[in-house]
């Protein structure tokens, strides 16, 4: 009799600045769902966007997660995270495999394209499709050559227009066409590191991730990652895309909203139970704002409830207002 494979999810902060209340909601929901359902949780530091990684941000991210009451199982008893920049060999092997089959080509791209490729793409950032006329007319099997500087060049994956269906545990079925939306995808950058889309496919596979819980601004990325995984002979995880938190300016809450950072809230004396309670309330798990512990959130975060609450939250987007900040501060 075959033993069912244990389900695994991941916490994957990016050390490019302070985590904010929107990040907290996603991480708390991921952690609580996993702990309720008995999944393993692994930790990953996504630090390949070299131009945006801030000194000390990795330690600050871990301090924020621990303040929220989150824990993880890691790669061993010490729970050490997988740090992307510590070992590029798995990504290099993936690029070599794709190139050897003629699935990629070397190209030149602008600085902004490279920067965007190294980061998780967000809906508000906009996107320019790579013109098909610029790709080589015929696929060419290639060997990545150190002498010709291939590791410090852009490489794109050939992506022809075709429908790609994403089945999401929270948001249902969606169809995308990455070939029309983005064109040939950057999978390696001039910075000498893999692009976001390739890196997360490799990392999820090597960490045994079966379930990815993240913000719904990355829903379209799921289609792109499915294509990359298929080319590499890897299975992709189940998708759970949570609605985002927005600022009063109507944009997704981001690190530019400094007063909403977890560090700023903690330093101003905000109790962590209020942060957790606000996150639970904004997702629909509580009828009104009220302090809540991380363990109490686990009791509420069954998969069925998460599906119901996430769909409702997406139809009524959460905006973090001054009134919310006042409540967190006990006013």
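Every listed requirement among (1) part of a helix (DSSP H, G or I); (2) over 22 Å from the mean Cα position of the chain (by Cα); (3) more than 22 Å from residue 66 (Cα to Cα); (4) at pLDDT below 90 is met by residue 248 save one, (1). Going through (1) surrounded by 18 or more Cβ atoms within 10 Å (Cβ to Cβ); (2) in contact (Cβ under 8 Å) with a residue 12 or more places away in the chain one by one, residue 295 falls short only on (1). The residues in the stretch 261-274 that are touching a helix residue (DSSP H, G or I) at 6+ places or on another chain (Cβ under 7 Å) and either surrounded by fewer than 23 Cβ atoms within 10 Å (Cβ to Cβ) or not assigned by TED's automatic domain parsing to the domain that holds residue 28 (or both) can be counted, and the count is 6.
Taken over the stretch 100-131, the criterion of being closer than 12 Å to residue 158 by Cα and either buried (at least 17 other Cβ atoms within 10 Å of the Cβ) or modelled with pLDDT of 85 or more (or both) is satisfied by 101, 102, 103, 104, 105, 106, 107, 130. In the set (1) part of a helix (DSSP H, G or I); (2) modelled with pLDDT under 95; (3) in contact with a strand residue (DSSP E or B) (Cβ under 6 Å, 6 or more places away or on another chain), residue 63 fails one condition alone, (3). Here residue 192 fulfils each of the conditions (1) buried (at least 18 other Cβ atoms within 10 Å of the Cβ); (2) touching a residue at least 40 places away in the same chain (Cβ under 8 Å); (3) farther than 30 Å from residue 67 by Cβ; (4) in contact with a helix residue (DSSP H, G or I) (Cβ under 7 Å, 6 or more places away or on another chain) apart from (1).
Identify the residue in the stretch 142-161 that is closer than 25 Å to residue 223 by Cα and either in contact with a helix residue (DSSP H, G or I) (Cβ under 6 Å, 6 or more places away or on another chain) or outside any loop (DSSP other than H, G, I, E, B) (or both) and, among all such residues, is modelled with the lowest pLDDT.
Filtering first and then ranking leaves 154.
The values are calculated or read from the model by the stated rules, or taken from the named source; none is laboratory data. Being a predicted model, the structure only gives us computed values, none of them experimental. Here the Cβ is made from the backbone with ideal geometry for all residues, glycine too, and neighbour counts use every protein chain on show.
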